[in-house]
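**Student:** One structure is given below, represented as structure tokens, and several questions about it will come after.
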Amino acid sequence: MHQAPDMRRWHGRIDDAEGALGSRWHQIVRPLEQAAQGTGIALVGFACDEGVLRNHGRGGARGGPAAMRAALGNMPVHRCTAIYDGGDVVSVADENGDGLESAQEDLSAAVDQVLSRGLLPIALGGGHEIAFGSFGGLARHLARTEKAPRIGVVNLDAHFDLRLAQRASSGTPFRQIAEDCRGRGWDFRYCCLGVSHFANTAALFERARALGVTWRLDEEMDVTRLDQTLATLSDFIAQVDHVYFTICLDVLPAAVAPGVSAPAPRGVPLEVVEPIVDLVAGCGKLRVADVAELNPSHDIDQRTARVAARLVARIAEHAGA
């Protein structure tokens, strides 16, 4: 179910004495229906954690979009001055199950709508099952004009999320994307940065090899090897025409992002994650982005919500201006 935006959720500090240069996101965000064709970003919430629950994870990520908007409200306005709220996709259980697949389909439609307006969709999760919906929206949009679009999926994540399972979950979206690409006759191009050797089975590494996935381990992504990481990413992006960028917050160390389903004992430092975000957002090929796995029920002092908002704002500054 897709709910219209509730603009009453946007609030924050007002610095009247600073004039226009003191503006914050809550003061300029508008409903998507008011967007003109052109430059800007549109936020779409994905209030769903059914995929996390199916994957035997900690529930609570359905509250992620609300927590992220609360943290975004006080973000200062800099380069990106056109910000729209496209409402929330909410998973609703029905006679067919827990609503996951319907929610993914609704997200695909919402992303497609935003792209048709010439805006950059940034989806706010929610479990990482968001990825199949986000990619689906981009695929739906590009299939109208391109026979075989070269889409690169860039995922910041401790997990490949290529799992085989009878039902879709937060652990299966990139395997589902690979199968969707195969069915369309498209190449599957996937770069996963931050993979943990100790959070993925040998079967997942073998599947990644078979699918031609590009990856770097979390232990290869410290600050001293940032240049190597960025070179790997740059090489990957150079081979595609469109980028779908997804950030699973469990790629960050648990102390930085405690409010996730699976906190990382090591993780990738924010000092490395942010240059990656800058490179992807500024590459000129970014079409869709999302931030997944924010679980406010397990957060501490809104740390995870704040870092998620910082990443969203960083994408907006580079890609939505």
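The values are calculated or read from the model by the stated rules, or taken from the named source; none is laboratory data. This is a predicted model, so every value here is computed, not measured. So basically every Cβ, Gly included, is an ideal-geometry build from the backbone, and we count neighbours across all protein chains shown. Note: accessible area is taken over every heavy atom of the protein model, side chains too, but ligands, DNA and RNA are not part of it. Shrake-Rupley method; radii C 1.70, N 1.55, O 1.52, S 1.80 Å.
**Student:** Does anything in region 69-110 have its amide N under 12 Å from the 7 Å Cα→Cβ label point of SER116, and if so which residues?
**Tutor:** 109-110
**Student:** Could you give me the ³J(HN,Hα) list for region 82-92, computed from phi with Karplus coefficients 6.51, -1.76, 1.60 and θ = phi - 60°, whole Hz, x at Gly and Pro?
**Tutor:** Each residue of region 82-92 in turn: 10, 10, 10, 10, x, x, 10, 8, 10, 7, 10 Hz.
**Student:** Counting only residues 5 or more places away or on other chains, whose amide H sits under 5 Å from the amide H of ALA42 once H atoms are built in the peptide plane?
**Tutor:** Amide H neighbours of ALA42: TYR84, LEU120, ILE122.
**Student:** Could you give the accessible area per residue of region 1-159, probe 1.4 Å, as a whole number in Å²?
**Tutor:** Details: 6590 Å² over 159 residues.
Accessible surface, normalised per residue, equals 41 Å².
**Student:** Report the gain in length on full extension from HIS197 to GLU33: 0.36 nm times residue separation, minus Cα-Cα distance, nm rounded to one decimal.
**Tutor:** Values: separation 164, 0.36 × 164 = 59.04 nm, distance 4.46 nm.
Result: 54.6 nm gained on full extension.
**Student:** Okay, moving on. Please list, by residue number, every one of the chymotrypsin sites (Phe, Trp or Tyr not before Pro) in region 165-254 that is coil in DSSP and has at most 14 other beta-carbon atoms within 10 Å. Don't skip to the answer; put the middle values down first.
**Tutor:** Details: sites: PHE174, TRP186, PHE188, TYR190, PHE198, PHE205, TRP215, PHE236, TYR244, PHE245; in loops: TRP186, PHE188, PHE198.
Here the sparse-neighbourhood loop sites are PHE198.
**Student:** By average Cβ neighbour count within 10 Å, what is the ranking of 9-18, 274-283 from highest down?
**Tutor:** 274-283, 9-18
**Student:** Please list 3J(HN,Hα) in residue order for region 278-294, calculated via the Karplus relation 6.51 cos²θ - 1.76 cosθ + 1.60 where θ = phi - 60°; whole Hz, with x for glycine and proline.
**Tutor:** Ordered by residue, 3J(HN,Hα) equals 4, 5, 5, 5, x, 7, x, 10, 5, 10, 8, 9, 8, 10, 10, 6, 6 Hz.
**Student:** Given a cut-off of 31 Å, what percent of all Cα-Cα pairs of the chain lie beyond it? Working shown, then result.
**Tutor:** Numbers: 11698 of 51360 pairs.
More than 31 Å apart: 23 percent of the Cα pairs in the chain.
**Student:** Could you state the accessible area per residue of region 256-314 in Å², with a 1.4 Å probe and every protein chain left in place? Show your work: numbers first, answer last.
**Tutor:** Working: 2110 Å² over 59 residues.
So region 256-314 comes to 36 Å² accessible per residue, rounded to a whole number.
**Student:** Okay, next question. Can you list which of the GluC sites (Glu not before Pro) found in region 128-202 are DSSP loop residues with at most 14 other C-beta atoms within 10 Å?
**Tutor:** Sites meeting the loop and neighbour criteria: GLU146.
**Student:** For GLU179 and LEU230, what does the FRET efficiency come to when R0 = 41 Å and r is the distance between their Cβ atoms, rounded to the nearest 0.05? Can you show the working numbers first?
**Tutor:** Values: r = 30 Å, r/R0 = 0.73.
Efficiency, from the Cβ-Cβ distance: 0.85.
**Student:** Follow-up question, since we're still on this one. Of all accessible surface on the chain at a 1.4 Å probe, what whole percent is carbon and sulfur?
**Tutor:** Details: 6440 of 13030 Å².
Within the chain, the accessible surface is 49 percent carbon and sulfur.
**Student:** With a cap of 10 neighbouring Cβ atoms within 10 Å, and only residues DSSP puts in a loop, list the trypsin sites (Lys or Arg not before Pro) found in region 79-173. Present the calculation step by step, with values, prior to reporting the outcome.
**Tutor:** Values: sites: ARG79, ARG117, ARG140, ARG144, LYS147, ARG150, ARG163, ARG167; in loops: ARG79, ARG117, ARG144, LYS147, ARG150, ARG163, ARG167.
Hits after loop and neighbour filter: ARG79, ARG144, LYS147.
**Student:** Let me ask you something else. With θ taken as phi - 60° and the coefficients 6.51, -1.76 and 1.60, list the Karplus ³J(HN,Hα) couplings across region 262-268 in order, rounded to whole Hz; mark glycine and proline as x.
**Tutor:** Values, residue by residue: 10, x, 8, x, 10, x, 10 Hz.
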